[in-house]
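Notes follow once the structure below has been shown.
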Amino acid sequence: MSPSPLAQLDQQTAELLSTIDALTSLDALRDVEATLTGKRSVLAALQKSLGSLEPDERRAAGAELQEARRVVTAAFDERRRLLERDARLESLESDRLDLGDVVTPDVVRPLAPGHPSLVAITQRELEDVFVAMGFTVADGPEVETDWYNFEALNIPPAHPARGMWDTFYVDLGEPETVVLRTHTSPSQIHLMEEAVAKGTLPIHAVMPGRCFRRDTPDASHLYAFHQIEGLVVDRGITFGDLAGTIETFTRAYFGPDITSRLRPGYFPFTEPSAEFEVTCTICRGEGCRTCSFTGWIELGGCGVLDPAVFDAVGIDSTQWSGFAFGFGVDRCGQMRHQLTDMRALTENDTRFLEQLS
Ligand code: PHE
């Protein structure tokens with residue numbers, strides 16, 4: 001009987017395992033893969049030689065050989081895994097940049113800390129002026145239903161006055177139309193409803209916030225802008241109280257050399273109504289492009305509350321009266337800082353922003 005082809009198997013396996021153990025690089029491992037576990041390996045050659053055995057012997061030898069291949073392949077795979085891990089760690093280590101090596105102090109500028117935008121600064125300054133005059137500060141939602149933005153303010157559907165506030169309508173498939181508010185005036189309605197529900201009249205409040213109109217941006221318009229609304233509901237309030245409030249505000253905020261004027265105007269929710277204008281701070285009243293050569297900048301509107309608005313919120317207009325105003329926060333900031341173009345507020349030009357820090 002010829003010696004079994006597997007007589008040396010244990011020793012051959014041990015040799016393969018120690019060769020595998022001695023591999024120290026992935027390149028070397030790839031070079032010898034075929035001779036260790038592949039077609040050109042000792043184990044593959046032994047596999048072929050089993051053909052000459054009797055069926056019984058062949059089965060037993062086959063199982064033995066298969067086990068040897070499993071052990072060798074497992075050792076090989078494990079070796080590959082370890083070498084791959086080492087290679088990865090090595091490349092991470094060599095990729096690591098030490099900031100101290102790549103930058104020198106004269107190329108690194110200190111990080112500039114951020115600061116509030118001019119609009120936020122302006123809003124806070126305006127609030128401060130009104131708080132000093134005895135107003136509280138409230139706010140309202142930026143998205144309103146048609147009722148709050150228009151109807152409760154005495155602007156029924158299809159009323160021509162809606163043209164002044166042509167805007168962004170949002171179709172949510174709701175029973176009611178939803179709009180991005182076109183002015184802060186709907187916050188008047190919220191405040192009055194709340195005061196009626198809680199029995200907390202009178203009201204002396206300002207409500208700053210963001211508004212939206214389908215406007216083309218120019219030197220004095222943005223389509224997303226900010227207003228500050230004022231609302232007073234008390235007993236015996238007159239147009240004189242409104243005019244005095246506007247004048248006091250103008251002097252407190254812009255300084256004594258800037259004057260205000262009220263021109264007759266029209267708003268459906270106030271009667272009488274007025275446009276509130278201040279001297280253009282760019283040309284000091286001489287006339288320039290920013291003020292369309294009028295010497296005046298319109299800041300907003302105001303007026304004595306229309307009884308129709310009181311009716312809408314359930315306030316008795318024989319007992320209470322009031323006034324409201326609403327004007328542009330961005331425009332106040334523009335006038336206070338003499339920006340010829342309001343679009344500077346949203347363009348994020350760092351040369352402009354850095355002047356504010
Ligand atoms: N809401 C008006 C506007 O945006 C301004 C306004 C407010 C007018 C309050 C009268 C009273 O044009």
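The values are calculated or read from the model by the stated rules, or taken from the named source; none is laboratory data. This structure is a prediction, so every number in the text was calculated from the model and none was measured. Counting neighbours? That spans all protein chains shown, and the Cβs are built from the backbone with ideal geometry, glycine included. Side chains included, ligands, DNA and RNA excluded: accessible areas come from the protein's heavy atoms. Shrake-Rupley method; radii C 1.70, N 1.55, O 1.52, S 1.80 Å.
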Note on segment 271-296: residues in contact with a helix residue (DSSP H, G or I) (Cβ under 7 Å, 6 or more places away or on another chain), open to solvent by less than 10 Å² (accessible area, probe 1.4 Å) and within 16 Å of the ligand (Cβ to nearest atom) are Phe276, Val278
Of Thr294, Thr290, Thr259, the only residue that is in contact with a strand residue (DSSP E or B) (Cβ under 9 Å, 6 or more places away or on another chain), among the polar types (S, T, N, Q) and under 24 Å from Arg210 (Cβ atoms) is Thr290
Taking segment 143-175 and the residues there that are aliphatic (A, V, I, L, M) and open to solvent by 60 Å² or more (accessible area, probe 1.4 Å), the one that is nearest to the ligand (Cβ to nearest atom) would be Met164
Just one listed residue, out of Val206, Val196, Val232, is modelled with pLDDT of 95 or more, in contact with a helix residue (DSSP H, G or I) (Cβ under 9 Å, 6 or more places away or on another chain) and open to solvent by 50 Å² or more (accessible area, probe 1.4 Å), and it is Val196
request  = Determine if segment 176-190 includes at least one residue that is open to solvent by 10 Å² or more (accessible area, probe 1.4 Å), out of contact with any His (no Cβ under 6 Å at 6 or more places or on another chain), more than 24 Å from Thr245 (Cβ to Cβ) and within 15 Å of the ligand (Cβ to nearest atom).
outcome  = yes
Residue hits (segment 55-98; open to solvent by less than 50 Å² (accessible area, probe 1.4 Å) and farther than 25 Å from Ala22 by Cβ) are Ala61, Gly62
Among the residues of segment 125-142, the number that are open to solvent by less than 60 Å² (accessible area, probe 1.4 Å) and under 28 Å from the mean Cα position of the chain (by Cα) is 6
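Collect the residues in segment 310-357 that are part of a loop (DSSP other than H, G, I, E, B) and hydrophobic (A, V, I, L, M, F, W, C), keeping them in residue-number order.
Ile315, Trp320, Leu339
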Residues of segment 327-338 being away from the ligand (no atom under 14 Å from the Cβ) and either touching an Asp or Glu at 6+ places or on another chain (Cβ under 8 Å) or open to solvent by 20 Å² or more (accessible area, probe 1.4 Å) (or both), in sequence order, are Arg336, His337, Gln338
When every residue in segment 205-241 that is among the acidic types (Asp, Glu) and assigned to a strand (DSSP E or B) is compared, the one nearest to the ligand (Cβ to nearest atom) is Glu229
Expected single match for surrounded by fewer than 15 Cβ atoms within 10 Å (Cβ to Cβ) and farther than 30 Å from Gly236 by Cα among Gln319, Gln355 is Gln355
Legend entry - Flag if Phe76 is in a helix (DSSP H, G or I) and in contact with a Leu (Cβ under 8 Å, 6 or more places away or on another chain): yes
Selection from segment 15-54 of residues more than 30 Å from Glu90 (Cβ to Cβ) and open to solvent by less than 70 Å² (accessible area, probe 1.4 Å) yields Val42, Leu43, Ala44, Ala45, Leu46, Ser49, Leu50, Gly51, Leu53
Open item on the list: Given the criteria touching a His at 6+ places or on another chain (Cβ under 8 Å) and in the same structural domain as Gln188 (by TED's automatic domain parsing), does Gln227 qualify?
Closed with: yes
If you go through Ala312, Ala308, Ala324, the only one that is surrounded by fewer than 23 Cβ atoms within 10 Å (Cβ to Cβ), within 14 Å of the ligand (Cβ to nearest atom) and at pLDDT 95 or above is Ala308
